[in-house]
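The values are calculated or read from the model by the stated rules, or taken from the named source; none is laboratory data. This structure is a prediction, so every number in the text was calculated from the model and none was measured. Every residue, glycine as well, gets a Cβ built from its backbone with ideal geometry; the counts of neighbours run over all protein chains shown.
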Amino acid sequence: MKRRPVFIFLILLLLLASGFVFMKLYLPKLIFNKIEEKCKAQGFIFTADEWNSSGFGSIIFRNLLVTDTLTDSLFFVNSGLFSISFRNFMDGKSIVGIISFDSVITSIFIQEDISGKPDSTVNSNEVTMRNYSQLANQLIRKTRLIPESIHIKTAILSLKTGNDAFNYFIRDLSWESNHLNGWFSVNSPSWFQLSGEQIKKGAFSASIKLLKRPEKMLRTGHDSTALAFLFDSLSLRISSDQLNDKKCSFTSRFSLSGLQLYHWRISRDPVSINYFENNLKFDLTENAIHVDSSSSLFINTIKINTAINFINKNSKYLDMSLIIPVMPAQAFFESLPSGLFNTFTGMKTEGSLSYKMHFSFDSSAPDSLHFESDLGHNNLQIKKFGAVNPYLLNQPFEYLVFEKGKQIKTIELSDTSPVFTPLSKISPYLINSVLISEDGSFYSHLGFNEDAFRQSIVTNIKEKRFARGGSTISMQLVKNLYLGRDKNISRKTEEVLWVWLIENFRMVSKDRLLEIYLNIIEWGPGIYGISEAADYYFKKKPQDLNLAESIFLAGIIPNPKYFKYSFDMNGNLRNYFQNFFKVVSTRLLNKEKITESEYSLLRTEIKLTGKASELIAPSDSLSDFKGQPEDSGDWLQD
């Protein structure tokens with residue numbers, strides 16, 4: 001009986017020794033074989049010059065290499081160590097307790113889809129159901145799989161997409177006791193300092209600071225259209241108040257200072273924002289994302305309150321509102337990001353501004369789309385203009401016509417100019433036809449037609465392409481006079497703001513705006529203004545144009561360079577243009593702009609008697625061109 005404790009002790013010692021032998025001799029080989037097997041299943045080759053046990057549960061390795069079947073190196077580690085933690089595994093955490101890499105090089109190539117064809121098997125009207133709260137909860141639970149300790153001395157990550165390559169350099173990266181520290185750079189010798197902390201489950205903060213600002217922005221690719229950016233510092237803090245598969249609630253704060261970015265879709269010039277901050281309070285449920293109305297963002301000193309409700313159930317529903325509370329007008333204009341609102345630079349104002357926008361859309365009922373926008377003011381006065389002074393439009397001036405960045409013509413808008421035609425000497429048929437087709441409510445709106453804009457969004461959503469714009473004549477005119485034809489966010493936002501100022505403060509009368517518009521718009525290849533157009537097509541003065549000629553001229557405004565494809569090989573107007581005649585003439589009759597007799601006598605036969613007749617094209621590859629409207633205008637806007 002006295003020998004039993006000794007016997008038990010010997011058994012335990014034997015088991016411990018067996019475990020040690022297993023950990024020392026067999027576990028490294030077992031793990032190696034498992035990794036090798038996983039890599040082989042994915043088409044990769046896994047090798048290592050050394051793979052041995054170092055202490056209880058620790059494995060050291062040297063020259064670890066992962067290649068594809070073409071022997072292209074995908075992942076390489078000069079030397080490293082990782083340890084197995086069975087205690088963590090029993091607690092539901094990562095089985096890997098420690099990871100330590102000396103030098104890491106990895107290369108990732110992303111194959112681009114060049115087919116350009118949508119997957120015919122996918123029904124775009126189907127709603128993909130997602131449980132947002134479950135996804136978020138699963139993601140946060142997976143943070144438990146992060147090892148307790150990570151150390152990477154140096155690392156190079158090369159990411160290749162097509163002809164572009166992004167090189168990320170990492171130095172002294174560590175994750176220890178829920179704290180993150182390290183250094184990194186992106187395609188640049190300038191280094192960012194990274195720090196972070198996991199405060200508790202579902203709560204994390206991180207910051208990035210640039211040590212020395214480089215002369216050039218960091219680019220996400222070598223192509224001239226690639227996004228370029230730079231910032232002095234970035235900070236993020238996110239925490240969760242509730243976490244389960246039914247609902248996850250978060251609060252977050254994200255800020256950037258010294259932000260610079262460039263993309264041709266944003267602006268032709270780099271955009272600078274001194275300070276940007278986004279404070280969100282949002283909930284994720286089984287099929288919805290809700291951003292609370294207490295959420296806000298700051299662009300310099302402009303505060304924007306926002307609320308968003310997105311539901312993805314039987315259909316997709318989005319309800320969104322943006323509010324800029326009352327603020328000093330001068331602070332508003334000074335806070336506009338440089339590069340986005342260049343024409344407002346130097347403006348001096350008094351008074352205050354505010355803004356409200358509400359948008360809602362249900363994919364199951366596109367026609368129910370709701371949009372309203374209101375830019376309010378109180379005692380707003382403009383003491384000094386910047387690069388643009390709309391009051392000068394009331395005087396004679398010269399309009400410079402540019403095409404592909406080169407000036408091709410100068411139009412003098414004055415009574416002494418032979419190509420200028422006052423509104424009073426333009427055929428009423430032409431004036432009314434243009435208004436009917438381009439901007440039917442021109443004389444009643446204040447520069448922005450919400451209903452036309454709403455209808456354009458609905459049309460574009462239904463046709464899944466940019467089939468219709470929402471520009472009014474005032475917006476087209478501001479674009480032509482001050483902003484050019486760039487299709488980017490900068491031009492559109494400047495356009496809307498200038499139109500609001502011009503129309504709300506009656507800087508230029510409606511008649512003068514329309515007069516300028518008719519005298520400067522393009523009406524054919526190299527043809528600008530109604531005087532040239534009337535002569536080019538019909539050898540007439542603008543005041544002598546008849547009803548049919550006027551409707552024809554109104555119909556080619558969206559695509560004037562392609563007017564010749566409005567005719568078939570026999571010189572007759574194509575069916576779509578004849579339908580345009582019928583619609584415009586019917587609206588003119590309903591608005592009492594023409595008589596019953598004029599309507600009944602109208603014919604769609606157009607006889608070109610000017611130089612334009614020489615360009616009527618025979619049937620060719622463009623003979624069915626039907627003139628998709630550009631952003632410069634739309635056919636048959638109400």
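Overview of results
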| read-out | value |
| --- | --- |
| Test: I436 is in contact (Cβ under 8 Å) with a residue 12 or more places away in the chain and under 28 Å from the mean Cα position of the chain (by Cα) | no |
| One residue from L194, L173, L159, L234 being at pLDDT below 90 and either among the hydrophobic types (A, V, I, L, M, F, W, C) or surrounded by 17 or more Cβ atoms within 10 Å (Cβ to Cβ) (or both) | L159 |
| Residues located in the range 415-467, provided they are acidic (D, E) and in contact with a Pro (Cβ under 9 Å, 6 or more places away or on another chain) | D415, E438 |
| Subset of the range 400-424 (residues that are over 38 Å from the mean Cα position of the chain (by Cα) and within 14 Å of A533 (Cβ to Cβ)) | V419, F420, T421 |
| Within the range 522-546, tally of residues that are touching a strand residue (DSSP E or B) at 6+ places or on another chain (Cβ under 8 Å) and farther than 16 Å from P422 by Cβ | 5 |
| Those helices (runs of 4 or more DSSP H) lying entirely in the range 442-516 with at least 1 residues among the charged types (D, E, K, R) and in contact with a Leu (Cβ under 7 Å, 6 or more places away or on another chain) | 450-463, 489-504 |
| Some residue of the range 366-385 being modelled with pLDDT under 90, assigned to a loop (DSSP other than H, G, I, E, B), exposed (fewer than 13 other Cβ atoms within 10 Å of the Cβ) and among the small types (G, A, S) | no |
| Filter result for the condition that a residue is buried (at least 17 other Cβ atoms within 10 Å of the Cβ) and of a type in the set (G, A, S), over S441, S474 | S474 |
| Restricting the range 388-437 to residues that are assigned to a helix (DSSP H, G or I) and among the hydroxyl-bearing types (S, T, Y), the residue that is farthest from L589 (Cα to Cα) | Y391 |
| Among (1) touching a residue at least 12 places away in the same chain (Cβ under 8 Å); (2) surrounded by 15 or more Cβ atoms within 10 Å (Cβ to Cβ) - the single one D511 does not satisfy | (2) |
| Matching residues in the range 288-336 - criterion: being surrounded by fewer than 16 Cβ atoms within 10 Å (Cβ to Cβ), outside any loop (DSSP other than H, G, I, E, B) and touching a residue at least 40 places away in the same chain (Cβ under 8 Å) | K316, M320, V326 |
| Filtered residue count, the range 561-581, keeping only those that are assigned to a helix (DSSP H, G or I) and in contact (Cβ under 8 Å) with a residue 12 or more places away in the chain | 11 |
| Residue among S207, S190, S185, S195 that is within 22 Å of L157 (Cα to Cα), in contact (Cβ under 8 Å) with a residue 12 or more places away in the chain and touching a Pro at 6+ places or on another chain (Cβ under 6 Å) | S190 |
| Neighbours by Cβ (under 9 Å, 6+ apart or cross-chain): first from the range 396-425, in contact (Cβ under 8 Å) with a residue 40 or more places away in the chain; second charged (D, E, K, R) and in a loop (DSSP other than H, G, I, E, B) | F402/R485; T421/K541; P422/D415; K425/K541 |
| Number of positions in the range 425-468 that are more than 22 Å from K582 (Cα to Cα), modelled with pLDDT under 90 and touching a helix residue (DSSP H, G or I) at 6+ places or on another chain (Cβ under 7 Å) | 7 |
| Odd one out for R253, checked against (1) closer than 30 Å to D367 by Cβ; (2) part of a strand (DSSP E or B); (3) basic (K, R) | (1) |
| Among (1) touching a Gly at 6+ places or on another chain (Cβ under 7 Å); (2) modelled with pLDDT under 90, the one test that D624 misses | (1) |
| Residue match in the range 597-604 (condition: touching a Ser or Thr at 6+ places or on another chain (Cβ under 9 Å), of a type in the set (S, T, Y), at pLDDT 95 or above and within 15 Å of S433 (Cβ to Cβ)) | no |
| Residues that are under 23 Å from I152 (Cβ atoms), surrounded by fewer than 14 Cβ atoms within 10 Å (Cβ to Cβ) and modelled with pLDDT under 70, drawn from the range 36-88 | G55, D72 |
